[in-house]
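Right, one structure below, let's go through it.
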Ligand code: SF4
Ligand code: SF4
């Protein structure tokens, strides 16, 4: 199958390893991700103020691009892009008047009909490819890898936007099992990492990182698995900041789910960009014989 | 904290403005505190998220707008998914931030951030932070 793909800014700058491992893995599973020829930043956060329609233009414009390329659906990798695009789409589908105002304002564009479906790559793996199919394509089982899934907020909430149950998601666990890895459940898996507070209140994020990582380490997880470049930054970079303050802190590598998937599908470390991580995951992976 | 209550404060333009910007029925909240119980920033907050909402219900404009809590909120939507009354507190927090930001009072001063730290941060962190904390 083919699906249009909206990358968003961070996947082109600091999270290139997320993109390269995702495109290669999807391809190996028969899913061709076609990057939109034109796209713009979605704004990263959905505007919650009722009258703030101007900030809905950026996400809606991207959905118009999908329509321009005759698409009915678009996939994202970043949880924040997913949330912003999907929320803006829902807003105008539920509010015909806002839809009219936005379309009238963007008079240089074709009118947007609200008909693009926004899906996360994890949903494609679960609902269209199927985890049994993934299991069948695994050539390098990740046996013995104890991985703690961390969902954060925006893949799951608000409920009408989330891709799984808000309080007890299992989609990452199910994917990990299909690769023969051992998921380590955590009470922090759907707790916030502090998100954008990392810019001006890094200490708050360091404390959140401590909760998430230390629980995982105490429960013998060897790594953490995410789908959001901001969660990734916070857990990777802020975990190092935490370790610099307090010696003896265990350092757990953080992975995008697509990096583990690429390894399991036998696509090799070349598509995984492990050199970009602050906490180097390669010693763990080579100790397991995965690279 | 001293609260001055009157018909005028409870029905003030400030209360109407928050209702308008957030689209929420403020009086739907019965102060059970479930939102605060699950809020990830509650340990840092001097005023609980549910107390901020109580201040708004009672028209206590200055206390609500000066609370650190509105800037600690990370828009994580935990309160939204757990509120038994269907109140979207994340939208009320956004409304309060917007009331301040629209007066050109930025919470984050971009020129004061360390260049070295900024260079490390991914675009997603900077853009989301500036969208939430600058006007
Ligand atoms: S959970 Fe809902 S009803 Fe309870 S205090 Fe919070 S906003 Fe009010
Ligand atoms: S959205 Fe804000 S107030 Fe609500 S739980 Fe999250 S951080 Fe707390």
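Before moving on, here are some points about what is shown:
- Calculated FRET value between residue A:32 and residue B:8, using beta carbons and R₀ = 56 Å, to 0.05: 0.35
- Fluctuation leader among A:212, A:92, A:224 - chain A, Gaussian network, Cα springs under 10 angstrom: A:92
- Helix A:96-105 axis, angle to chain A major axis (alpha carbon atoms, nearest 10°): 80 degrees
- Among B:37, B:64, B:125, the largest mean-square fluctuation in a Gaussian network model of chain B, built with springs joining Cα atoms closer than 10 Å, belongs to B:125.
- Proxy reagent accessibility, fewest Cβ within 10 Å first, across A:39, A:215: A:215, A:39
- Residue-span extension gain [residue B:25 to residue B:43] - 0.36 nm each, minus C-alpha spacing: 3.8 nm
- Our note on the geometry: Cα centres of segment A:78-112 and segment A:1-17, 21 Å apart.
- FRET efficiency estimate (nearest 0.05) - Cβ-Cβ, residue A:220 to residue A:110, R0 45 angstrom: 0.25
- Acute angle (nearest 10 degrees) that the helix B:89-101 long axis makes with the longest principal axis of chain B, alpha-carbon atoms: 70 degrees
- Distance between segment A:25-49 and segment A:238-283 - C-alpha centres, whole angstrom: 23 Å
- Based on Cα contacts under 8 Å between residues 6+ apart, chain A shows a relative contact order of 19 percent.
- Relative contact order computed over chain B (Cα-Cα under 8 Å; 6+ residues apart), in percent: 25 percent
- Within the listed set B:124, B:70, B:41, the residue fluctuating most in the Gaussian network model of chain B (springs between alpha-carbon atoms under 10 angstrom) is B:124.
- Separation of the residue A:69 and residue A:240 label points, Cα + 7 Å toward Cβ, nm: 3.3 nm
- Proxy reagent accessibility, fewest Cβ within 10 Å first, across A:226, B:110, A:119: B:110, A:119, A:226
- Of the residues A:199, A:118, A:225, the one with the fewest other Cβ atoms within 10 Å heads the list, and the complete ranking is A:199, A:118, A:225.
- C-alpha long axis of helix B:13-22 to longest principal axis of chain B, angle in °: 60 degrees
Every read-out reported here was derived from the displayed coordinates using simple, explicitly stated rules and does not represent laboratory data. What you are looking at is a predicted structure, and each value in this text was computed from that prediction instead of being measured. Glycine also receives a Cβ, built like all others from the backbone with ideal geometry; neighbour counts cover every protein chain displayed.
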